[in-house]
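Report on one structure; see the data block that follows.
The values are calculated or read from the model by the stated rules, or taken from the named source; none is laboratory data. Since we're looking at a predicted model, the values are computed, not measured. Neighbour counts run over all protein chains shown; Cβ positions are idealised from the backbone, glycine included.
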Amino acid sequence: MSEITPHESIMNKIFLIRDMKVMLDKDLAELYGVETKVLKQAVKRNISRFPDDFMFQLTSGEFENLRSQIVTSSWGGSRYTPMGLTSSGSSTLSRVGA
């Protein structure tokens, strides 16, 4: 039986960026229990199933702004700025599986 994720923990991972509600790739990967690179591979393998505006790369400025707002998070040594997945991208990802 799978563990249910509390509503609050998911809501705390939804950010408003470019006037869109998005979740970061690393947060979605954590939610699915996979590595971020596995999630990105699932997207690449199924890219035709996603809407055009499902995901975007955060700019370094957007990423710095986000990091300054979330001082308790550990961002590790990521070499790339994260991807933001819109609600339609997150929904499609749930159907293709990561």
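Of everything in the stretch 11-53 that is at pLDDT 90 or above and in a loop (DSSP other than H, G, I, E, B), the residue that is surrounded by the fewest Cβ atoms within 10 Å (Cβ to Cβ) is 19. Listed conditions (1) farther than 13 Å from residue 83 by Cα; (2) β-branched (Val, Ile, Thr); (3) in contact (Cβ under 8 Å) with a residue 12 or more places away in the chain are all met by residue 47, apart from (3). Looking at the stretch 64-96, which of its residues are at pLDDT 70 or above and among the polar types (S, T, N, Q)? Answer for the stretch 64-96, where residues must be at pLDDT 70 or above and among the polar types (S, T, N, Q): 65, 68, 69, 81, 86, 87, 88, 90, 91, 92, 94.
Residue pairs whose Cβ atoms lie under 7 Å apart, separated by 6 or more positions or on different chains, with the first residue in the stretch 17-40 and on the phi > 0 side of the Ramachandran plot and without any contact (Cβ under 8 Å) to a residue 24 or more places away in the chain and the second part of a helix (DSSP H, G or I) and surrounded by 17 or more Cβ atoms within 10 Å (Cβ to Cβ), do not occur.
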